[in-house]
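Read the structure below first, then the notes.
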Amino acid sequence: MAIQEVKDGWLYLDRGTMIWQKNATAAQGVFQPIHWVALSRMQATLRLAPYDGRIADIGCGHGVVTVNLAWKKPRTEVIGVDPEEQRLEVGRQILNEHGLPNCKFQKGTLEAPGIEPGTCTGVLCTEVLDHIPEVREHLREKVDKLLELLKPGGRLILSIFDTEGSTDAGLAPPTALTLADFDFLKTKVIDRNCPRWWYLFYVDKR
């Protein structure tokens, strides 16, 4: 599996990985199968992440955000967590090819990530909560699980699909969450740099 470093310093999977199998237009460049809107969201997400300490990417999928976070912020220790071993293997291949010493992948779930509570400066959970069927009634409990991983002052970064935009694009998740569902996070801050189709927001643990 080929991985390419392009001029702006981002790592991409090549088209042969077939991660994007739907009718999504690839970003400019031969080696970029990431939709340009998804790329913009990834850039917005990484701008919010801490520059050092341990960062957990919960529900990391194939690890595209995970490895770029480690690549862009070398003083961090990035741990990608996902329940699907096949997805994790894609991320591990990227690590093998690029030798990123500050990143690893491990099998786990939101409820049992295999990371000691109170050890992270940052936690990412993007496009995960709204992909859990009937999550709304358990939403606060699951967010609390993510907050438990953080040190005081650590940052939890969340994203969900914008239900209106994602439905138009045919990307509706199993549970259509809205920002109002997170009103229990009284100090959440919405990031205005994230493109349409998603809401990106964060909360710093006190």
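Please treat every number below as a calculation from the coordinates, not as lab data. All figures in this text were calculated on a predicted structure; none of them were measured in a lab. Glycine gets a Cβ as well: all are built from the backbone with ideal geometry, and neighbour counts include every protein chain shown.
Give me 105, 184 sorted ascending by neighbouring Cβ count inside 10 Å, so fewest comes first.
Working: 105 25, 184 10.
By the 10 Å Cβ count, ascending: 184, 105.
Could you work out the relative contact order of the stretch 35-204, using alpha carbon pairs under 8 angstrom and six or more residues apart, expressed as a whole percent?
22 percent.
Once label points are set 7 Å from the Cα along Cα→Cβ at both residue 92 and residue 188, what is their separation, rounded to one decimal in nm?
With each label placed 7 Å out from Cα toward Cβ, I get 3.4 nm.
Say a paramagnetic label sat at a point 7 Å from the Cα of residue 178, along Cα to Cβ; which residues of the stretch 97-136 have their backbone N under 17 Å from it?
Correct set: 130, 135-136.
Work out the length of the dipole vector of the stretch 80-206 about its Cα centre, built from +1 on the beta-carbon of each Lys and Arg and -1 on the beta-carbon of each Asp and Glu, and round it to the nearest 20 debye.
Here the size comes out at about 560 debye.
State the percent of C-alpha pairs, over all pairs in the stretch 55-206, separated by a distance greater than 22 angstrom.
40
Near the amide H of residue 56, under 5 Å away, which other amide H atoms are found, from residues 5 or more places off or on another chain, if H is placed in the peptide plane?
79, 122, 123, 124
Just order 129-140, 68-79, 112-123 by mean Cβ neighbour count inside 10 Å, highest at the front, would you?
In descending order of packing, they fall as 68-79, 112-123, 129-140.
Considering only DSSP beta bridges with both partners in the stretch 77-206, what is the antiparallel share in %, to the nearest 5?
Approximately 45 percent, going by the DSSP bridge assignments.
Kindly write out, for the stretch 117-128 in residue order, the coupling ³J(HN,Hα) from the Karplus curve 6.51 cos²θ - 1.76 cosθ + 1.60 (θ = phi - 60°), rounded to whole Hz, with x marking Gly and Pro.
Result, ordered by residue: x, x, 10, 10, 8, x, 9, 9, 8, 10, 6, 10 Hz.
If you only keep lysine pairs separated by 8 or more in sequence, or across chains, how many in the stretch 35-204 come under 28 Å at the Cα atoms?
Lysine pairs meeting the criterion: 24.
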